[in-house]
Amino acid sequence: MTIRRKIFRTLIITNAIILTLTVAVAMFSTLNRTVRYESEKLNILSRGFESFLGDSISGISNSLAAVKDSNDIQFLFQSDAYLKSLSEASIKNSLRDVMSNYKEIESIEITSSSSNVLSQGSSVVFQAHEGKVYTQNNDSYLMLKIGVNSQVNLVVTISLDRIFKSFIEENNFDRYSQLLFYEGNDLYYVDLQGNSSKLVGNDTHKLLLSNEGNVDDLSFYIAKPKNYVFDDINEYIFLMVMFFLLVILITNLVSQYLSKEISSSITKVAKLLSDLPREHFEKIDVEDGFEVKPSHHL
Amino acid sequence: MLRISATFCAILLLLVCAVGVGRDLLDILGTKELRVGIRNISSEVVYFPKNENRPGFCFELAKDFADYLHVKMKIVEFDNLYSYFDDGVFDKVDIIADVLTITDARKKVMNLVPFIENGEILFGRTGESVSKLEDLKGKRVLVLEGFVFFNLLKTELDNAKIGYVVNRVYPKDNDLKYLNDNYTKASKNVVEILLVSKDFEYYDYFDYVQVIQKNADVGIVDTFSFAQKYFNTLFLKQNIVPLMMLRKDVGYLGFGFSKSSPLLAKEFERFLTYAKSSGIFNTLFKKYMTIYYSDYLNAIEK
């Protein structure tokens, strides 16, 4: 192997190791930063949704207070047919007003024991379902029960799909976000494409999750599919690889040039030395600052 | 002489039995039971036992009074307002807990202890505009025979020199049918008073229902009942508007006591003073009316 080749190999290997390490550290740091950034964003989303849903629930409850505390509810259970019909019409008017202010409400029902006394909206959930959330036909609902007295309740069905969608849209958040919640022991999800169903198997491993949020005994997470999380940095990785290849190419050229220059100088020196007569030596002054101390004789 | 005295005592005893002798405070404390007469007319103002949240302002005030005396309360239900004034009523009850408008005539029959300031308010359907008595001309005003509003309305119309005719009516099939006796067709320059017969079995919200059904244009109720119903009833808020006060004077609603129970009536006055100063009364008032007692007083005294 020629000296030029040896120098070139040394330079290229050294540079390649340094470059690879640099790129690896940079990529790891970018990945780590992306995951931390996305997780923090999801936690902020989770806290945001917590207050959005909480505000919505308390707003609905306050709006329904006039109905809940009204004398009209009592007349629904009285024998006087005319008073009953007047009260029914007025309650329905009031419920319609509340529903027009809160588009996420699917239906409001007045129930007594297990029977439905009056309902406004499309009654999709009331089927003696006692849980907090309910999933049916690709839609999920949150049930809010407001007690009128020991027998009578106002049951408000809130569309989780709609409230989650309006939260994301109002705040201009990421459209790939999903809402995850438990119904019993099963984990369900709601996304902005109108899908809502049970998560199966290891699907949660494909998701980046926020911290757990909780509103009115509903535990939930905000999630984002990992492929979308890393989608943003694919371009960055591609550029990094291209940069890596380019730098390797440049390093190769520089190494070739350097190895050529260094080896030609060494060759010249070697040639000069070889041309010198072997007996002829000249004193070389060493100017490296090293001083030989005189030895002390005792 | 002895025979005359015995006869006199027997007559006195018979008289006393006829009007009914109420038990006084010591009897109630002795038996540890307060018998409360009240109408069960599904009214949040009076008594509405099926309503868990608001079983009745008068009922709860009477209950607070019984608690204050440390005695049990026993409810005696009455069918209508008139039966409070029947003979012997205070043989059955110690106190009448109801919205009894205090009038001189009634004060002759029983002790009435005021518990709330009260006025008479005219109401109509949404869109109706009556701001003075003159505006009642050509309109049908509904009143019930035996209720004080009838005489008060006539007095106010007489004072304002506004003509009126009184036609007796009877509710039937969601309508008010004229009774044939002395029917007078009302012109546009007079007020037509529709007088509901005394024998009609009155129910709460009757006046409002008649006005909503367009069987009458204007109704009259006491401000106390109106405040409770209007602020808490959706169909009233959506169909009815308050128009004006019938008169400027503020009157009172009271609980009734036997003339022979002065100590009990006095104790009720003491209880009211305590309840109003301690906030018990205001809390109860807010629960039923949704407004504070002081705001109510400001509204009716304006």
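Starting from the Cα-Cα distance between A:Gln136 and A:Phe243, subtract it from 0.36 nm times their residue separation and give me the gain in nm to one decimal. Could the numbers behind the result be given before it?
Details: separation 107, 0.36 × 107 = 38.52 nm, distance 5.11 nm.
So the chain would gain 33.4 nm between A:Gln136 and A:Phe243.
Once the Cβ-Cβ distance between A:Ser58 and A:Leu209 is put in as r, and R0 is 22 Å, what FRET efficiency do you end up with, to the nearest 0.05? Present the calculation step by step, with values, prior to reporting the outcome.
Values: r = 26 Å, r/R0 = 1.20.
Rounded to the nearest 0.05, the efficiency is 0.25.
Given the peptides B:225-237, B:143-155, arrange them by the average over their residues of other C-beta atoms within 10 Å, most packed first. If you can, show how the numbers build up before the last one.
Working: B:225-237: 22.5, B:143-155: 18.3.
Output ranking for B:225-237, B:143-155: B:225-237, B:143-155.
Over segment A:64-107, how many percent of alpha carbon pairs lie in each 5 Å bin up to the one with the longest distance?
P(r) over segment A:64-107, rounded to whole percents: 5, 23, 28, 21, 14, 6, 3.
Could you name the lysines in cross-link range of B:Lys198, using Cα to Cα under 19 Å and dropping any fewer than eight places away on the same chain?
Straight-line reach from B:Lys198, under 19 Å: B:Lys154, B:Lys172, B:Lys177.
Based on the inverse mean of 1/r over its pairs of different Cα atoms, what is the Kirkwood hydrodynamic radius of segment A:193-278, in Å?
19.4 Å
Could you work out the percent of alpha carbon pairs in segment A:159-204 separated by over 13 Å, rounded to a whole number? Show your work: numbers first, answer last.
Values: 550 of 1035 pairs.
Across segment A:159-204, Cα pairs with separations above 13 Å total 53 percent.
Using the Kirkwood radius over Cα pairs, work out the Stokes-Einstein diffusion coefficient for chain A at 25 °C and 0.890 mPa s, in µm²/s as a whole number. Spell out each step's value before the answer.
Numbers: Rh = 26.0 Å.
This corresponds to a translational diffusion coefficient of 95 µm²/s.
Which residues does a label at A:Ala270 reach in segment A:4-39, if reach means a backbone N under 19 Å from a point 7 Å past the Cα toward the Cβ?
Output list for this probe position: A:4-12.
Please report A:Glu106, B:Glu44 as a ranked list, fewest other C-beta atoms within 10 angstrom at the top and most at the bottom. Let's see the in-between values first.
Values: A:Glu106 22, B:Glu44 25.
Final ranking by Cβ density, sparse to dense: A:Glu106, B:Glu44.
Rounded to whole Å and sorted largest first, list the principal axis extents of the Cα atoms in segment B:45-203.
The Cα atoms of segment B:45-203 stretch 59, 35, 32 Å along their principal axes.
Can you tell me the equivalent ellipsoid semi-axes for segment A:205-250? Use √(5λ) from the Cα gyration tensor, largest first, whole Å.
On the way: eigenvalues 320, 11, 8 Å².
Calculated on Cα positions only, the semi-axes equal 40, 7, 6 Å.
Rounded to the nearest angstrom and ordered from largest down, what semi-axes does the equivalent ellipsoid of chain B get from its C-alpha gyration tensor (root of 5λ)?
Numbers: eigenvalues 259, 125, 58 Å².
The three semi-axes for chain B are 36, 25, 17 Å.
Quick one: work out the % antiparallel among DSSP beta bridges in segment B:120-245, nearest 5. Before the final figure, lay out each step's value.
Working: 14 of 27 bridges.
DSSP beta bridges in segment B:120-245 are roughly 50 percent antiparallel.
Tell me the relative contact order for chain B as a rounded percent, counting alpha carbon contacts under 8 Å between residues six or more apart. Working shown, then result.
Working: 523 pairs, mean separation 77.7, N = 302.
Relative contact order, chain B: 26 percent.
What is the pair-distance distribution P(r) of segment B:213-302, computed from all Cα-Cα distances in 10 Å bins starting at 0, with each bin given as a whole percent?
Bins of 10 Å from zero give 13, 37, 32, 15, 4 percent of pairs.
Rounded to a whole number, what is D in µm²/s for the protein assembly as shown from Stokes-Einstein with the Kirkwood radius over alpha-carbon pairs (10 °C, 1.306 mPa s)?
49 µm²/s
Using 1/(1 + (r/R0)^6) with R0 = 51 angstrom and r between the beta carbons of B:Tyr183 and B:Lys50, what's the FRET efficiency to the nearest 0.05?
Details: r = 39 Å, r/R0 = 0.77.
So, using R0 = 51 Å, E works out to roughly 0.80.
Which links in B:Lys107/B:Lys137; A:Lys84/B:Lys185; B:Lys108/B:Lys266; B:Lys32/B:Lys229 stretch past 29 Å when you go from one Cα to the other? Please list the in-between numbers first.
On the way: B:Lys107/B:Lys137 33 Å; A:Lys84/B:Lys185 34 Å; B:Lys108/B:Lys266 17 Å; B:Lys32/B:Lys229 34 Å.
Cα-Cα > 29 Å for B:Lys107/B:Lys137; A:Lys84/B:Lys185; B:Lys32/B:Lys229; rest within.
Expressed as a rounded percentage, what relative contact order does segment B:35-114 have, with Cα pairs under 8 Å and six or more residues apart? Present the calculation step by step, with values, prior to reporting the outcome.
Working: 101 pairs, mean separation 28.7, N = 80.
36 percent.
Taking the beta-carbon count within 10 Å as an exposure proxy, list B:Glu267, B:Glu120, A:Glu169 from fewest neighbours to most.
Working: B:Glu267 20, B:Glu120 24, A:Glu169 11.
Lowest to highest Cβ neighbour count: A:Glu169, B:Glu267, B:Glu120.
Which whole DSSP H helices in chain A pass both tests: a Cα extent of 27 Å or more along the axis and a mean Kyte-Doolittle value no lower than -1.0? Each step should come with its number before you reach the end.
Values: long enough: A:3-68 (95 Å, 0.45); A:81-101 (30 Å, -0.29); A:226-275 (70 Å, 0.76).
The answer, listed by residue number, is A:3-68, A:81-101, A:226-275.
By counting other Cβ atoms within 10 Å of each Cβ, how are B:Tyr288, B:Tyr183 ranked from fewest to most?
Values: B:Tyr288 22, B:Tyr183 12.
Fewest-to-most Cβ neighbours within 10 Å comes out as B:Tyr183, B:Tyr288.
Under 10 Å, Cα contacts only: if you run a Gaussian network model on chain A, which one of A:Thr157, A:Thr34, A:Thr22 comes out with the highest mean-square fluctuation?
Between A:Thr157, A:Thr34, A:Thr22, it is A:Thr22 that shows the largest mean-square fluctuation.
FRET efficiency for A:Gln193 and A:Ser115, Cβ-Cβ distance as r, R0 = 45 Å, nearest 0.05? Mind showing how you got there, number by number?
Numbers: r = 37 Å, r/R0 = 0.82.
Here the calculated transfer efficiency is 0.75.
Helix-derived [θ] at 222 nm for chain A: sum -39500 (n - 2.57) over DSSP H runs of at least 4, divide by residue count, nearest 500?
Working: 5 runs with 152 residues, N = 298.
Calculated at 222 nm, the ellipticity per residue is -18500 deg cm²/dmol.
Which whole-number percentage describes the relative contact order of segment B:120-245, with Cα contacts under 8 Å and a sequence gap of 6 or more? Walk me through the numbers before you get to the answer.
On the way: 216 pairs, mean separation 55.9, N = 126.
Result for segment B:120-245 is 44 percent.
Looking only at the protein assembly as shown, where both bridge partners belong to it, what percent of the DSSP beta bridges are antiparallel (to the nearest 5)?
75 percent
Which residue, A:Asn214, A:Val155, A:Gln193, has the largest displacement toward the positive end of the dipole of segment A:27-230 when charges sit on each Cβ (Lys, Arg +1; Asp, Glu -1)?
A:Gln193
Two decimals is fine: what is log10 I(q)/I(0) at q = 0.14 Å⁻¹ for segment B:120-245, from a Debye sum with one equal scatterer on every Cα and no solvent?
-0.56
Read the figures in this text as sums done on the coordinates, not as results from a lab. Small disclaimer: the values here were computed from a predicted structure and weren't measured. Virtual Cβ from ideal backbone geometry, glycine too; neighbours counted across all protein chains shown.
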